[in-house]
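Student: Here's a structure for you.
The values are calculated or read from the model by the stated rules, or taken from the named source; none is laboratory data. Everything quoted here is computed from the prediction, not taken from an experiment. Cβ atoms come from the backbone with ideal geometry, glycine included; neighbour counts cover every protein chain shown. Side chains are part of the model used for accessible areas, which takes the heavy atoms of the whole protein and leaves out ligands, DNA and RNA. Shrake-Rupley method; radii C 1.70, N 1.55, O 1.52, S 1.80 Å.
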Amino acid sequence: MQVLVSMIVLGLCIAAFVYTDIKGFKERKIYSVNAIAHVISTNSVAAIQFLDNDAAKKNLSQLIVEDDIVNASILDKKGNTFASYTKQQADSFRFAPSLNGDRKVELLGNYLYIYSPIEKDQERLGTVCLRVQLSSLDKIVSEELGIGSFLLIIGVGLSFLISFFVQSYITRPLLRLIKIMQTIKGSGDYKSRAMVEGHDEINTLSMEFNDMLSQIEKRDNEMESRVKERTAELETANNELESFSYSVSHDMRAPLRAVSGFSNILTQGYSNVLDEEGKESLRFIRNESVRMGQLIDDLLAFSRLGKKDIQKSMVDMKALADEALQEVLNTGPEKYSAEIKIDALPAAYCDGNLVRQVFINLISNALKYSSHKAHPMVHVGFTPSSDNRKNNYPLTHPVSKPAVYFVKDNGVGFDMKYYHKLFGVFQRLHSQEEFKGTGIGLAIVQRVITRHGGNVWAESAIKEGSTFYFSLPSAK
Amino acid sequence: MVNDILLVEDNPADAKLTMIALKQCNMANKIVHVQDGVAALEYLFCEGEFSSRSINDHPVIVLLDLKMPKINGIEVLEKIKSDERTRKIPVTVFTSSQEDPDIQKCYDLGVNSYVVKPLVFESFNKVVLELGLYWVLLNQSAK
């Protein structure tokens, strides 16, 4: 592209130069021939006055010095040829001037015509006519054009040379650098390096670029090793937690069993030596050790929830709720006489085993806390609206139209004043005499639902009953 | 001759409760209680304080706890079941551990029975009773 532009510029310069030269040449020619014509005309005054043809002819013959003058004539005032001159080996020529002309210059074809009047005392005596060839001009022009072409060719060559130089020392290294950048960007492999080439600034650029890549690579490796470290730490922590749970399970049970066992032996075998106070003490020992066993089991179940991987799939929630109800009725300590209704429920994307436990806990609670009512009622259902919380307790996860299931009972309810304790581990809002339980059920429910990315909340009025809601996010 | 019941249990409370329960079976068998794996092996291979015993005098059942100091139950089991002289002795592992690796390992070694100690005393008592009656009265051991 640049080559073309410089060629055009050079061409224009040469053209301008040649044009100027031609113009200059012509002007000079005209000037000098005019001068000659003037001299001739002045010298021919006498000849023409005295009608001396020979003298006139002799005058004209001096024109031989000016090579370009091919024909010349002296015309009398009537326009007739008085004398003429023809350059050697040229053809003769007849001039036909106008009679009332001033010094004139004419350019016709490839010839210059000069007409110079011969005058004496304001009287026109005749005209000197000169016919000048411009062939030398041609020679000069073609010479100049030749030089010009030669210059153009040199120019093209030089242009290419410089362009090549720039390319190989600047452009191509830069393009290679760019290509490497694009490759690295695409592959993310920071191990590759640019070729260090070129001189000065390009060289520096390549080296700095490579340095930067080394830094990125180093940082990458550091990150990776840090991640590995952190993962190892987490795995260790997890394993420690697991062995802690196991220890809780194993080592805490034996003493408990012993307490139970020996207090039983006392009760069985030594009641006769115990008074009422003694017997009651034994009863407390027995009951508390039973409770402790339950607490250990519950705590273990709760802690195991944190570790287990959730395996989600589309689950038939109605079937799950039915199963949960069956299990509660089969394994429950008491017979429940409640009216239990489980609506058709939409399927949810969740871990069936874990959510079954949620239903078990909620249904078991509902039955337990309504068991004192005359007509206990438990209702498991679904609300289509995305958020019908009457309170504004903060949600653990942002709501985005998830499914909302509920378990409602008409039981004893709880005081909303203690809502913040509801889902706490081992937190109870009723005494053991009123209702048995360790207070782990709702903590487990909350943990399971939260791990699914859902929300759980409740509403209640004392003596009227409670409703527990939970939502599960839809499958992504 | 009535063979012993060998109870291998490091926890004195558990041992006492087990023996009380076994006594309820009203069996004639003597209950020998050792507190760790080393003593158990000494009894079975007639070494140390049991060097007066005869190695062919097999206990009718070995109730073996797993988690014990010095040598643990698994090692004891291995020694019993890998020795020609003792491998036919019936061994019941009686432990708190429900862990699958433990269960697998014991059966790999050829244990005759694996029973988890119940948490609640009533169940514990009942289970020991049943174990005693089963192994002493029902099970036929190799003589």
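Student: (1) within 14 Å of chain A (Cβ to nearest Cβ); (2) surrounded by 14 or more Cβ atoms within 10 Å (Cβ to Cβ): which one isn't true of residue B:98, the others all being true?
Tutor: Against the list (1) within 14 Å of chain A (Cβ to nearest Cβ); (2) surrounded by 14 or more Cβ atoms within 10 Å (Cβ to Cβ), residue B:98 comes up short only on (2).
Student: What do you reckon, is residue B:57 within 14 Å of chain A (Cβ to nearest Cβ) and of a type in the set (D, E, K, R)?
Tutor: Considered against the rule, which asks whether it is within 14 Å of chain A (Cβ to nearest Cβ) and of a type in the set (D, E, K, R), residue B:57 comes out as no.
Student: Would region A:30-50 turn up any residue that is closer than 30 Å to residue A:159 by Cα and touching a Leu at 6+ places or on another chain (Cβ under 7 Å)? If you could, list the steps in order and put the result at the bottom.
Tutor: Of the residues in region A:30-50, the ones closer than 30 Å to residue A:159 by Cα are none.
No, because not a single residue in region A:30-50 is closer than 30 Å to residue A:159 by Cα and touching a Leu at 6+ places or on another chain (Cβ under 7 Å).
Student: What is the residue count in region A:281-311 for residues that are crowded, with 17+ Cβ neighbours inside 10 Å and outside any helix (DSSP H, G or I)?
Tutor: Matching residues across region A:281-311 total 0.
Student: Turning to a different aspect of this structure: What number of residues within region B:79-110 are touching a Leu at 6+ places or on another chain (Cβ under 7 Å), of a type outside the set (A, V, I, L, M) and under 24 Å from residue A:254 (Cβ atoms)?
Tutor: Number of matching residues: 6.
Student: Hey, another quick one. Being more than 56 Å from the chain's Cα centre (by Cα) and open to solvent by less than 20 Å² (accessible area, probe 1.4 Å) is the filter here; which residues of region A:439-476 pass it?
Tutor: A:465
Student: Could you please tell me which pairs satisfy a Cβ distance under 9 Å, a separation of 6+ or placement on different chains, a first residue in region A:183-195 that is touching a residue at least 40 places away in the same chain (Cβ under 8 Å), and a second residue that is surrounded by 10 or more Cβ atoms within 10 Å (Cβ to Cβ) and outside any loop (DSSP other than H, G, I, E, B)?
Tutor: none
Student: Which one of these is more than 11 Å from the chain's Cα centre (by Cα) and either within 14 Å of chain A (Cβ to nearest Cβ) or open to solvent by less than 60 Å² (accessible area, probe 1.4 Å) (or both): B:88, B:105, B:143, B:67? Step through it out loud before you land on a result.
Tutor: On the way: B:88 fails: either within 14 Å of chain A (Cβ to nearest Cβ) or open to solvent by less than 60 Å² (accessible area, probe 1.4 Å) (or both); B:105 fails: either within 14 Å of chain A (Cβ to nearest Cβ) or open to solvent by less than 60 Å² (accessible area, probe 1.4 Å) (or both); B:143 fails: either within 14 Å of chain A (Cβ to nearest Cβ) or open to solvent by less than 60 Å² (accessible area, probe 1.4 Å) (or both).
Only one candidate qualifies: B:67.
Student: Here are A:130, A:152, A:134, A:107: which of them is out of contact with any Asp or Glu (no Cβ under 7 Å at 6 or more places or on another chain) and farther than 28 Å from residue A:42 by Cα?
Tutor: One residue alone meets the criteria, A:152.
Student: So residue B:20 clears everything in (1) modelled with pLDDT of 90 or more; (2) surrounded by fewer than 19 Cβ atoms within 10 Å (Cβ to Cβ); (3) part of a loop (DSSP other than H, G, I, E, B); (4) within 14 Å of chain A (Cβ to nearest Cβ) except one condition, right? Which one?
Tutor: (3)
Student: Next question, about the same structure. Out of the residues in region A:1-28 meeting the condition of being at pLDDT below 85 and among the polar types (S, T, N, Q), tell me which one is least open to solvent (accessible area, probe 1.4 Å).
Tutor: My answer is A:6.
Student: Within region A:230-271, take every residue that is of a type in the set (Gly, Ala, Ser) and over 25 Å from residue A:296 (Cβ atoms) and give me the one that is nearest to the other protein chains (Cβ to nearest Cβ).
Tutor: Taking region A:230-271 first, the residues of a type in the set (Gly, Ala, Ser) are A:232, A:237, A:243, A:245, A:247, A:249, A:254, A:258, A:260-261, A:263, A:269, A:271.
After this cut, where a residue has to be over 25 Å from residue A:296 (Cβ atoms) as well, the list is A:232, A:269, A:271.
On the way: A:232: 23, A:269: 9, A:271: 16 Å.
Looking at the filtered set, the residue picked out is A:269.
Student: For region B:117-131, which positions are more than 10 Å from chain A (Cβ to nearest Cβ) and not basic (Lys, Arg)?
Tutor: Of everything in region B:117-131, those that are more than 10 Å from chain A (Cβ to nearest Cβ) and not basic (Lys, Arg) turn out to be B:127, B:128, B:129, B:130, B:131.
Student: Considering only region A:3-36, state which residues are touching a strand residue (DSSP E or B) at 6+ places or on another chain (Cβ under 9 Å) and β-branched (Val, Ile, Thr). Break it down into steps so the answer makes sense when it comes.
Tutor: So the first thing to find is which residues in region A:3-36 are touching a strand residue (DSSP E or B) at 6+ places or on another chain (Cβ under 9 Å), and the list is A:26, A:29-30, A:33-34, A:36.
A:30, A:33, A:36 - these are the residues of region A:3-36 that are touching a strand residue (DSSP E or B) at 6+ places or on another chain (Cβ under 9 Å) and β-branched (Val, Ile, Thr).
Student: Determine if region A:40-51 includes at least one residue that is open to solvent by less than 40 Å² (accessible area, probe 1.4 Å), out of contact with any helix residue (DSSP H, G or I) (no Cβ under 7 Å at 6 or more places or on another chain) and of a type in the set (Ser, Thr, Tyr).
Tutor: yes
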